[in-house]
Amino acid sequence: MKWLTHNAVDRPWPVLVLMVLLTGFFVGGMGRLESDPDVLRDLPDHMPEKALYDRIGELFPGKEMLFIGLGGDDLWTPSGLKQVQDLTAAIEGVDVVQQVISPTNASVVEGTEGGMVIRDAMEALPESDEEAAALHAFLLEQDSLKGTVVSEDGQAAAIIAFLSANLDTTESKAAGRVAEAVEAHKGSLQVYPAGRPMMSYFSSKTIGKETGMLTSVALLLMMVLLGGLFRNFRGVVLPLGVVVVAVLWTVGLMGWAHLPFTHSLEALPIMLIAIGVADGVHIVQAYMARVTREPDRKTAVKKTMDDLWRPVVMTSVTTAAGFFALNTSGVRSIMVLGHLVAFGTFVSLFMSLSFVPAVLALMPVPKRATRADIQDQGYRLQRLMRAWGDLLVDHKGAATGVILGLMALSAWGATRVESETSLMANLDPSDPIAVSSNFVNDHFSGVTNLMVVFEGEPGDLKDPEFLRTLQAFEEHARGIDGVGGTSSIVPMLTRMNQVLHAGDVAYNRLPGAVETEQGFDYQLDEAGNEVEVPVTREVSGRAVLEGYFALFEMQGRTRDLTNFITDDYSSAKVTVFLKSDRKQDMDRIVGEIKRWMAENGQGVKVEMTGMAALMLAVNDLITVGQSLSIVVSLVLVWIITSLMFRSPVLGLCNVVPLFAAIFFNFGVMGALGLDLNLMTMGVASMAIGVGVDFAIHFVHRYRLSFARTGDVREALRLTFEESGVAILMNMVAVAGGFLPLLLASFKGVMTMGLLISLIMAFSAFGALTILPVIFAGLRPKAAEALRVGAVLLAAGVLALAAGPAHADDAAYMRDVLDKNAFTSMVGTTTLTLTNERGQSKVRTFKMASRDNEEGETDLIMRMEEPADMRGNGFLLRGKRDADDERYIYVPALGRVNRVVGSGRGGAFMSSEFSLEDIGSPDLEDWTWVLGGKTTQNGIACQVVTGTAATDQVKKDTGYSKVVYTIDATQLVTLKAEFYDKAGKPFKTLTVDKVEMIGGVPFATDMTMKDLASGRTSRMVMSDLTVNGDVPASWFSNRALQQGF
Amino acid sequence: MLLPLGLLAAHAEGLAPQGYLKGTAGVPVFAEPSPDLGARLQLDLSDKSEHASWRVAADLSADLTGLGDPNEAVDLRAVEVKAALHHPVFDLSLGKQYVFWGSTDWVNPTDVFTPWDYLHMSSELEDYRLAPWAARWTGWRGNGALDVVWVPFPEPDIVVPGPVQLPERTLRNGSFGARATTTVAGFDLAAMAYRGMDKRPDITAVMDTQTMPPTVELQIRHGRVTVVGGDIVRGVGPVLFKGEAAGFLTPDKAGDDPDVRNRDLLAVAGVTYVPTQALNFTVQGTWGRVFDYVPDTSLMVPPQVVDPSPSSVDSFGLVERAAYSWRDLVSLSLVGVQGLEERDSFEMILLTWKARDGLEVLGGAILFSGPEGSRFGGLHEDSQAFVEAKASF
């Protein structure tokens, strides 16, 4: 990772070109994107409701129903009916429509002299108002039509369109085609398209448009907020650039992988934006903080990335793991969502480690960072955050009380959260979709449906008992509150039965098992003429029904049966219309129907499906699956962060604010009466992604700061200054950015905007309040005990983490080096060399150093004393990927000579110091392990041991091991022990004086002792200027010869 | 009298005089023993401001061997007398000053202004290099520089035996050189060009027929030459690679003038290995090629002087150096320069004991060997062993 970040800094243009090319590739895939808002497609096939729903397509040619409600003053006039007729024809002409039933073509059974005829309700278009009124009255007399194609009050009409069971497109798109046909032919009629597919079509169209527009507004607002917070261009471009590219790559990948945009994936861009901004904000914030003390921007970028790549990787891995946990949901589109968010998270990671440092390396140092007040006191937000940290530490008891109080309130709120599937509930009553649905629900049986299929053997439908079971079911269903009506073959058959019995209402029923039929027989009278003779005969009900079905066939009206019964008369479908699509209503109705099925379904196979049943199943699946995946995510986050931090306690510290954020989220949902649905569950997943980012950055920084200072207050201050500010900025930008979604007309989108904003605030609250309170209240011993306990608990998992990893120990050492780092130094050094006999020699030289453009150190020295060495000079130009360039100037030789070093272990100016000693150890050359705490000169210290990482390091430095005793507060070395290549004690360094110069704790008086010989070298530095302006020209052959 | 007055004036101006006082004793190694005793006081005054600097360094040397005529026994010689202007991008220096070019050790083909004088090799720079009066402009850019030197009048740059016949002291006979240096990918690169006096003088035997019997007089004169060359240095770990080469274009284009040096090329390449900070080794090879070589057997060349016409087309040589330092107290340096064709050599051993800061005692020997007429063979008798005690202030 370090290689990646450093290369991005050193070679930014290739990185940017590569990024543009890859982005181009993925954007190319966006042209192949498809949309599929059909949630049912995501259901697992083994689900009974889904299996039956699919099988209905095989049993019946039509499946889902669309309702086109019709109203208007001229509806029941000749012209109105003409328009209905045209509309019917237009809908029939749409290729996805299998059958259309309207007031003009609905089948009616009518008695004739010869018996009975089945015909269209309107055989000819009425030519006068009277004829139209007669038709209206006729339709109202038809029980099978009342409540379906003509309203009970006669004011409205409806066209019912069955979508083909074998669609070549989604039901939503098919509904769209019908809607277009209706729009084109509606004429002067008031048209109210409804039905679940129609709602999906219109809502996805509206939601998609609105979400797209509001997301753009959100991005713009985020730009403004980030700009205001960072007050520079990079703070806007980089975090948002990361997420925009992540979204483009992820959506482009969907195109190339032929993954359609489903309902579940509609929130994908928003999720990636909310989750992906964090790392960019943290990096820019850390860079802004660092560049105040590190004027060379490339060096500042590299050190920032050295510091942050680890938590950035950690946050990405945990977020990705959390979203991979969505695999437990069982819903395909949710699983795909998890994979895509994980992919987008890794894109954000890649961008954060390459694009961000590359652009930072190209952009000039922000002027604001060089302001004196900022360099002295930090940015205003840093001061604010420091104060917040102090407040929490000072009042941790009160803060704990507030947190617990909020948790209790959330617990109360969480119990009030209800799950909801209703699309209608998400609509404003004035929304055209809501108006249409309400029109159909008010005037007709209802938009939402359940399908109950009665299955038997071929021909069973001709058995009156079988049909009576259907009829009993329908009667029961119609009696359930919320059921608007039912639809099946039964009313048609009872009507036929009545008609064929001379309209006798007593026969408005299904035939019995045996019917006594009054008929005529033809006999020869006495004259030999054939005459009719009334007779009474016993006829089986089955035979009667066979006759009725035969009449359908004989009159060519079998199409009237196709959506009610199967061709082999084995199965029948009863459609139950519901007035409401609210989950609690559907739950109740489905429950009652299931109860009836359990009690009365013996001997006949009865199954239920339909949109209502499916939506309930989807809801249950998603709710349970999401809940499970949240739990799994939390566990995964704990395991991963425990492994990463090598501390189960710190792992728990990452999980607690996540858990709290989710808890608060549900609490607010309950308090505000927001339902739990597909979208709001997605926000809970998002909480993990966002919260884990905040928590890891905070915990990572706190751990380093605490190890460094050993003081909770100071550690929290340092943590708040950097991570705290970044978290606050992130929260404000994203939460504020998504607030415009509150203006959405679709309640779901509005709720999502609100919850995203809240979840950002809760996650930030978790990191910036709960974590500090935990840290402030956790006693070291308690922490250790908790750690041990958690280790035992996690032993099975953590045992997998083999081998010591000292990433954070190294990070501590990096902090030490950073704290002591300076960009330039000028001063006079007096070196007193004392041999074993106590004889001393003194060397005085002027020395200057600075960090060069490669981030390496240039050094020049020029001797002033003793006289015979006066004017001798040494120049070192540090090189990143090559040997340093070293030169000496000896006046006695008269010219500058290039020299080479004999490694860093060589004596410096013939003293006991080596070049390695007077410089800083190279972090990567040593394996760092934090040791115990100790005191040196009464100062609390941290012991850090570095072991040479390679034999080459041993050879170069002359040391196999170094043990530093570091002032835990100032982070300056007070003592050091050096071990030779064989591992024997070699030298000791004691620091007698540390001065704060130029903001850097500087050891100005130190003594190195050779343990074997007893010789000592004391180095005293004076006239020091640190981090001043040292010109590059000082590190030239010219200065070496002439002085500086 | 002048010396104390100068010191008083310096103190009055707030300047701290620097320099050294040393006593020397030397004995010939191969010639008849004749102890050579001497003493030297060097005074070095300098001052520097942001835009200007000056330096005056002079040696007051006394030959204590015979203590004869004090006018001959005491010698006052300017080491460097120069004033300089400093601009952020250039220096302009006027006066008597050293100009060191080249990067290899002990043999520097491009060091055309102040070359090595092996005969007077000592621990002091002013003994083996002579600073000319020159105007020098050096432009700086990053790690690179352009050095332009103009020596307006011909003057000797090494101490040679016998009379030196210099060209007429006119500006027309001055020398001009330029050297550009830069560092690219860790390589220190330099390219130079020079037009002026040849630093290796031609020695011509001139027969004076006016005397009876006729006598032969050796005339040493510096011809004009154009030199084009360059050098390169690269450090890799503990090893330093060095190379330097120069082509000398003399007026003897045909190569048939026995009195004029032939056109030739001299190249040096080698490595310095620094296994520890206290120890280093240098090994270099030299290669010389004479162009347009026409042997002239009729030339009468006294055995003591250098023949301007080499005896072969190609010549090879070696340079070695080993240096060791013990705890900044004692250091030992061994140097050898050998010509492989003529089998001549220059060897030097130098042992320094730093008794205390500012006080050192050194002893050593400079040895020349080789056949008569060879570069170092002719100096055989000048081989010397010596000791010095030096106090710096």
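The values are calculated or read from the model by the stated rules, or taken from the named source; none is laboratory data. Here the structure is a predicted model, which is why all the values come from computation and not from measurement. Cβ: placed from backbone, ideal geometry, glycine included. Neighbour counts: every protein chain shown. With ligands, DNA and RNA removed, areas are computed over all heavy atoms of the protein, side chains included. Shrake-Rupley method; radii C 1.70, N 1.55, O 1.52, S 1.80 Å.
Taking H as built 1.01 Å from N, whose amide H comes closer than 5 Å to the amide H of residue A:427, not counting residues under 5 places away?
A:747
Taking H as built 1.01 Å from N, whose amide H comes closer than 5 Å to the amide H of residue A:980, not counting residues under 5 places away?
The list, which skips near neighbours in sequence, is A:960, A:986.
Considering Cα pairs under 8 angstrom that are at least six residues apart, work out the relative contact order of region A:394-525 and quote it in whole percent.
In percent, rounded to a whole number, it is 15.
Among the aspartates and glutamates, which have Cα under 15 Å from the Cα of residue A:987 when same-chain residues fewer than 8 positions away are ignored?
Counting by Cα, and skipping residues close in sequence, residue A:987 has these aspartates and glutamates nearby: A:836, A:912, A:916, A:917, A:977, A:1010.
With an 8 Å cut-off on Cα pairs and a minimum separation of 6 or more residues, tell me the relative contact order of chain A in percent.
Reported relative contact order: 12 percent.
Hey, got the dipole for the protein assembly as shown? About the Cα centre, +1 on K and R Cβ, -1 on D and E Cβ, debye to the nearest 20?
5900 debye
Using every Cα-Cα pair within the protein assembly as shown, state what percent have a distance larger than 53 Å.
Beyond 53 Å sits 53 percent of the P(r) for the protein assembly as shown.
Within region A:266-295, what residues put their amide N at less than 13 Å from the label point 7 Å along the Cα-to-Cβ vector of residue A:362?
none
Work out from phi, with θ = phi - 60° and the Karplus expression 6.51 cos²θ - 1.76 cosθ + 1.60, the ³J(HN,Hα) of each residue of region A:999-1012, listed in order in whole Hz, and give x for Gly and Pro.
Once rounded to whole Hz, the list reads x, 10, x, 10, 6, 9, 8, 8, 10, 10, 10, 7, 5, 6.
Suppose accessible area is computed on protein heavy atoms with a 1.4 Å probe; arrange B:75, A:815, A:95 from highest to lowest.
Sorted by accessible area, descending: A:95, B:75, A:815.
Can you list the lysines whose alpha carbon sits under 17 Å from that of residue A:209, skipping same-chain ones fewer than 8 residues off?
A:173, A:747
Run the quick spin-label model on residue B:253 and residue A:58: label points 7 Å from Cα toward the beta carbon, then report their separation in nm to one decimal.
10.6 nm
For residue A:1020 and residue A:951, FRET efficiency with R0 = 35 Å and r from the beta-carbon atoms, rounded to 0.05?
So, using R0 = 35 Å, E works out to roughly 0.50.
What residues from region A:473-491 fall in the zone where the backbone N is under 12 Å from a label point 7 Å along the Cα-to-C-beta line of residue A:152?
Under 12 Å, as judged by backbone N against the label point of residue A:152, lie A:479, A:482-486 of region A:473-491.
Can you pull the one-decimal nm distance between simple spin-label points at residue B:343 and residue B:50, each 7 Å off the Cα toward Cβ?
Between residue B:343 and residue B:50, the label points sit 6.5 nm apart.
Of A:320, A:337, A:300, which is farthest along the charge dipole of region A:271-352 in the positive direction, counting Lys and Arg as +1 and Asp and Glu as -1 at C-beta?
Looking along the dipole axis, the top candidate is A:300.
Which lysines have a Cα lying under 18 Å from the Cα of residue B:96, excluding residues fewer than 8 positions away in the same chain?
B:48, B:82, B:199
Considering Cα pairs under 8 angstrom that are at least six residues apart, work out the relative contact order of region A:30-136 and quote it in whole percent.
Computed value for region A:30-136: 21 percent relative contact order.
Would you be so kind as to identify which of A:243, A:176, A:1004 lies farthest towards the positive end of the dipole of chain A, taking Lys and Arg as +1 and Asp and Glu as -1 on Cβ and the Cα centre as origin?
A:1004
Rounded to the nearest 10 Å², what accessible area does residue A:631 show when all protein chains are kept and the probe is 1.4 Å?
Solvent-accessible area, nearest 10 Å²: 80 Å².
For the protein assembly as shown, with all protein chains present and a 1.4 Å probe, just round the carbon and sulfur fraction of the accessible area to a whole percent.
Of the solvent-accessible surface of the protein assembly as shown, carbon and sulfur hold 59 percent.
Starting from the 7 Å offset along Cα-to-Cβ, what nm value, one decimal, do you get for the label separation of residue A:935 and residue A:27?
Placing both labels 7 Å along Cα→Cβ, they lie 6.5 nm apart.
One quarter of the convex hull surface, Cα atoms only: what value does that give for region A:149-304 in nm²?
The number I arrive at for region A:149-304 is 14.5 nm².
Where in region A:997-1044 does accessible area fall by at least 30 Å² between the isolated chain and the complete protein assembly, at a 1.4 Å probe radius?
A:1015, A:1038, A:1042
What are the membrane-span-like helices in chain A by this rule: whole DSSP H runs, Cα extent along the axis at least 30 Å, mean Kyte-Doolittle hydropathy at least 1.6?
Within chain A the helices that satisfy the rule are A:233-256, A:611-645, A:648-672.
Ranked by accessible surface with a 1.4 Å probe, highest first, in what order do B:90, A:549 come?
My answer, sorted largest first, is B:90, A:549.
With every protein chain kept in the model, how would you rank A:309, B:54, A:13, A:928 by accessible area, 1.4 Å probe, largest at the top?
Most to least solvent-accessible, the answer reads A:13, B:54, A:309, A:928.
Quick one: what do you get for region A:931-1043 if you divide its Cα Rg by 2.2 N^0.38 Å?
Ratio of Cα Rg to 2.2 N^0.38 Å: 1.27.
Under 5 Å between amide H atoms, partner at least 5 residues away or on a different chain: which partners does residue A:421 have, H built in plane at 1.01 Å?
A:583
Which ³J(HN,Hα) values in Hz, rounded to whole numbers, follow from the phi angles of region B:265-282 under the Karplus curve 6.51 cos²θ - 1.76 cosθ + 1.60, where θ = phi - 60° and Gly and Pro get x?
My calculation for region B:265-282 gives 10, 10, 10, 10, 8, x, 10, 10, 10, 10, x, 9, 5, 8, 9, 8, 10, 10 Hz in order.
Using the heavy atoms of the protein chains and a 1.4 angstrom probe, tell me the accessible area per residue for the protein assembly as shown in square angstrom.
41 Å²
Would you check the accessible area of residue A:443, probe 1.4 Å, heavy atoms only, in square angstrom rounded to 10?
50 Å²
Take the residue pairs A:302/A:984; A:146/A:583; A:302/A:954 and return only those whose Cα atoms are more than 29 Å apart.
A:302/A:984
I need the trypsin sites (Lys or Arg not before Pro) found in region A:812-888, filtered to DSSP loop residues with at most 10 other beta carbons within 10 Å of theirs.
A:837
Based solely on C-alpha atoms, express the radius of gyration and the Dmax of region A:538-673 in angstrom.
Final numbers for Rg and Dmax: 26.7, 89 Å.
What FRET efficiency do you get for residue A:995 and residue B:353 if R0 is 60 Å and r is their Cβ-Cβ distance, rounded to the nearest 0.05?
0.95
At 1.4 Å probe size, with no ligands or nucleic acids counted, give the accessible surface of residue A:476 in Å², nearest ten.
Number for this one is 60 Å².
Using a Förster distance of 56 Å, how high is the FRET efficiency between residue A:922 and residue B:65, based on the Cβ-Cβ distance and rounded to 0.05?
After rounding, the FRET efficiency stands at 0.45.
Can you find, among A:451, A:419, A:473, the residue farthest towards the positive end of the dipole of region A:412-478? Put +1 on the C-beta of Lys and Arg, -1 on that of Asp and Glu.
A:419
List the accessible area buried at the contact between B and A, summed over both sides and calculated with a 1.4 Å probe, in Å² to the nearest 100.
3000 Å²
Do you know which residues of region B:110-154 lose at least 50 square angstrom of accessible area in the protein assembly compared with their chain on its own, with a 1.4 angstrom probe?
SASA drop of 50 Å² or more in region B:110-154: B:140, B:143.
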